[in-house]
Structures are given as structure tokens and as C-alpha cells.
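Read the structure below first, then the notes.
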Amino acid sequence: MRIHVDRTRCANHGQCVFAAPGVFSFDDDENLVYDPAPEATPAAEVARAAAACPVRAVTVEGGPA
Amino acid sequence: MSGGPSSIVVVGAGIAGLRTATALRDRGFAGRLVLIGNEPHAPYDRPPLSKEVLTGRLAPEAAALPVPADVEVRSGRAAVRLDRAARRVLLDDGSAQSYEGLVIATGATAVPWPGPTPAQGVLTLRGLDDAARLRAALAEGDPLLVVGGGFLGCEIASAAREAGAPVALVCRDRLPMRRTVGAEVGALVARLQTEAGVSLRTGVTVTGFSGSRRVTGVELSDGTRIRARTVVTALGARPATDWTRGSGLGTHSGGLRCDHRRRALDEEGRPVEGIVVVGDAAAAPHPLPYPGAPSHLVIGHWSGAVDHADTAAATLVGGPPPGPVPPPSFWSDQYGVRVRAVGLPGAADRVEVHEYDPERRRVEISQHRDGRTVGAVTVNRTSRLAAHRARIVAEHGEGVVVG
């Protein structure tokens, strides 16, 4: 599974952080940080994070079958 | 999935209808899936209409949403009646669409001005065509008058200033957006608007319009007048459920009552099999019930439409249990400032101000009712929101929030 966040679209809605806190978070300067290849987080949780993004900044490729 | 519907009709092609259609396919529904939209456009996303589409930074076409390939989209057709006995939806071209499963996702319409207005120059903003008209008016550089100090009115004022138009904003309350996000954030929004050059008039109402054919201005309750060539009213939205009248479905505040599984309820409160309600058309069980709270609530947020889509799909076609339904969340972008909120901040009987720095445009406030966290609002501080949201879920019990 590969995660990509389009930072030109991201507007700090925080929905991905709510949905998959093990993958997405904010640093002290309000920048989104994320694990582009998480191993411990279920694919369904990452999919929910991508679907919840109001500006469709989060894309997910591949993942376990 | 044997025994499930072989055909599902989704009435309403906004985010709620589209996401529910997508969730149905994701759950393996292989039958006929029809999506009916009353606008002559392919499905699109509404939030940019009061922001980037108005300023011109985003072309209206860019608001289009991806539609799964195996969904039949019928655009420009409005549902006019629901015939539950015959399991069909009657459309405004005289045709009927039969269904086995029905998704009601007809959203909401702008509350109209409650009186006569001049024929030209008085607009509302709800759909793509509305946005195109308002954008064209802004492009002429004419003064804009916005009536309504809620999220939509404030965002329109922000976009219009960015587009270079002189703007006046009339707000009935003493502070804009106060009812939904509280006085502190309302005060910051008032400051943003004023600093951006908006003539903000609070605590007054519009009592009448002047202009015979084209609007020339408005009269206010304090006796003053404001001149304008374009007026946009942003008075809120109401569920677009008139077409279901007479079908025996129960309503609450104009929305169609549903249960936690999104099943429509009849007038006696009994679940109706085969019909689910999603998005702004729904009056769903109160997400954070406190003593005295209404049983059902109409919540017109983008995120709610998205959060409930899979629950509704699971109710119609089965499959694995849907994920937890989160508390409500919503946002507003104005003058580059990011207002983000969770829960029901307007329900508070007490607020905690964790940070309030208008100079740096940073706010973190949580809202509480009867000793429990019911909401949180941040401005340019989304990083602080997740912890409050977790408290809302923990203090209300997963059973209630998850449904």
C-alpha cells in the first residue's frame, strides 16, 4: 500500500487524522505528516481516511488483496 | 446477499447520493443502479461553490465528482412523488422509475426570502448555476450585498472581496456565525470581515428591497439603506423533501426521519424496509443526546453525507458491518483562515478557551453540556481537534455515537 497526499490540495481538514491516526498526524507547526507505506494499519482504515478528505488530497495505491 | 434488491434507485446526485452509490458497489451490489439528479449537470461537489468557484480560482467544471462507471446517471430530472405501494418514483417528465431499494438523497434548498423582491439582481447560492450567476455578477465589479451572517454568507463575502467587489454583509445576530461556532470565533470572523474591507452590519435585519425591475438596494431595520446592484440571500437551507409528501414517511424539522441504520421511518416511527435516507434530506437520531435534546436532528454537513453513506449501503444490501459513524464535523474557509469544528458546538452550556490569539489567527475552544464534551472549534489549529473529538466519542459512549 502506497499513500500520497497532494499538498497543493491539502487544507488541514484533519479528517484523515481522525480516520487513521496511526498513519496521519499534524506536527507542532500544523503541517500534515504521514507514513507513506504503513504496515500496521488496516487497508479499510486508510481507505476511510482517503474517502473522508473533503478536497480529495489523499490517494492510496495497491494494498493487500 | 440473496434476497437483497436487484435494482436500487438513488434520488439525488449530490455528495450523499453519489457516495452511497459508490458504497453500494464497493459492497458488491451488482444489480441495476440508477442515480437521479434534478440539475442539468453531472454530479459535482458543493463546498467549492462558495469559495474557489466564486473567486474564479477554480473553474465550475473542476467541482465535478468521479462517478462509478456502472451507475446510470439521469441528470435534469426531478422526483415529484413517491409511490411506496407500487415501489416507484414519479419524475417531472411524467415517467416513473421503479425500485426495489431506494436511497433518498435529495439534499436541501436555499431558504427563499420571505417576501417580494425585485426580479433581477437578488440571488441565492446552492447549486452550480447559482454560483455561475453570482460569479458573473462579481466579475462586473458591482457592489455586493450579502444577507445572512452564517457560514455561507461569510464565505460569499470572503470570496467576493478576493474577487475585488465592494461588499456589505448584513447579519441579524450580534456576531456572524455565533450560533454554530460560538461568540469567540464569531468575534474573530467579524474582525476578519471588517479588516478585509467588508461593511459589516450586525444586529439588524433587512426590512425591504428597493428597485422596480433590478434591485438598487435594501432598507434595514435601523432605518438606514444600503445600495447594491446585486444582493445574495444566505438564510440557511431546508430539506428538499416536498416530493415525498403523502407517502406516509415521518418528518422532523422538514427532514425525513430515519433510524441509526438510516432506514426511513413511517409516520408511526416504524422502520420502512428498502428505503434509506442520507445527507441533508435526513432527520437522523440526535448524535449527542443530552437531557432535553430533540430526538432527531437535521444536520447539513458535507462530512455527514460521507460518514453515513456506507451505513445506508449496508442496510440495503448487507455485507460486513459498517465502520463506526463519527460525530459531526464541518468547516469554513475565509480569507485564508481555516475554521474547523467537530460535534455540535452550538449545543454548549459552557465553553473552555484553550487558546485565543486573534492577532495570529489561532483559536482552540471546546464546548460542553451537562458536564460532557459536545464540540470543539479550532482556527488554524486543526492539530488540536482530534483530542477533543476523541473526548466527545469517549464521553458519549461508542454505542450512541456509533449507532
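Computed quantities for the displayed model
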{"read-out": "Filtered residues of the stretch A:18-43 (kept if free of Cβ contacts under 8 Å to residues at least 24 places away in the same chain and either away from chain B (no Cβ under 11 Å) or closer than 18 Å to residue B:390 by Cβ (or both))", "value": "A:21, A:22, A:25, A:26, A:39, A:40, A:41"}
{"read-out": "Contacts under 7 angstrom Cβ, first residue in the stretch B:91-105 being surrounded by fewer than 19 Cβ atoms within 10 Å (Cβ to Cβ), partner part of a loop (DSSP other than H, G, I, E, B), 6 or more apart", "value": "B:92/B:77; B:92/B:78; B:93/B:77; B:98/B:87; B:100/B:5; B:100/B:6; B:100/B:87"}
{"read-out": "Residues that are within 12 Å of chain A (Cβ to nearest Cβ) and touching a helix residue (DSSP H, G or I) at 6+ places or on another chain (Cβ under 7 Å), drawn from the stretch B:305-320", "value": "B:305, B:306, B:309, B:310"}
{"read-out": "Residues located in the stretch B:345-376, provided they are within 18 Å of residue A:28 (Cα to Cα) and more than 11 Å from chain A (Cβ to nearest Cβ)", "value": "B:354, B:355, B:356, B:357, B:360, B:361, B:363, B:364, B:365"}
{"read-out": "Checklist (1) modelled with pLDDT of 95 or more; (2) out of contact with any Gly (no Cβ under 8 Å at 6 or more places or on another chain); (3) of a type outside the set (Gly, Ala, Ser) applied to residue B:290, failing item", "value": "(1)"}
{"read-out": "Search result, residues across the stretch B:7-44 that are within 11 Å of residue B:64 (Cα to Cα), open to solvent by 10 Å² or more (accessible area, probe 1.4 Å) and either assigned to a strand (DSSP E or B) or within 14 Å of chain A (Cβ to nearest Cβ) (or both)", "value": "B:14, B:15, B:44"}
{"read-out": "Those residues of the stretch B:206-242 which are of a type in the set (D, E, K, R) and in a loop (DSSP other than H, G, I, E, B), in sequence order", "value": "B:213, B:222, B:229"}
{"read-out": "Some residue of the stretch B:215-234 being of a type in the set (Lys, Arg), outside the structural domain of residue B:158 (by TED's automatic domain parsing), modelled with pLDDT of 95 or more and open to solvent by 50 Å² or more (accessible area, probe 1.4 Å)", "value": "no"}
{"read-out": "Some residue of the stretch B:281-302 being in contact (Cβ under 8 Å) with a residue 12 or more places away in the chain, within 14 Å of chain A (Cβ to nearest Cβ) and not in a loop (DSSP other than H, G, I, E, B)", "value": "yes"}
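The values are calculated or read from the model by the stated rules, or taken from the named source; none is laboratory data. Only a predicted model underlies this, so the values are computations on that prediction, with no experimental measurement involved. Glycine also receives a Cβ, built like all others from the backbone with ideal geometry; neighbour counts cover every protein chain displayed. Surface accessibility is based on the protein's heavy atoms, side chains included, excluding ligands, DNA and RNA. Shrake-Rupley method; radii C 1.70, N 1.55, O 1.52, S 1.80 Å.
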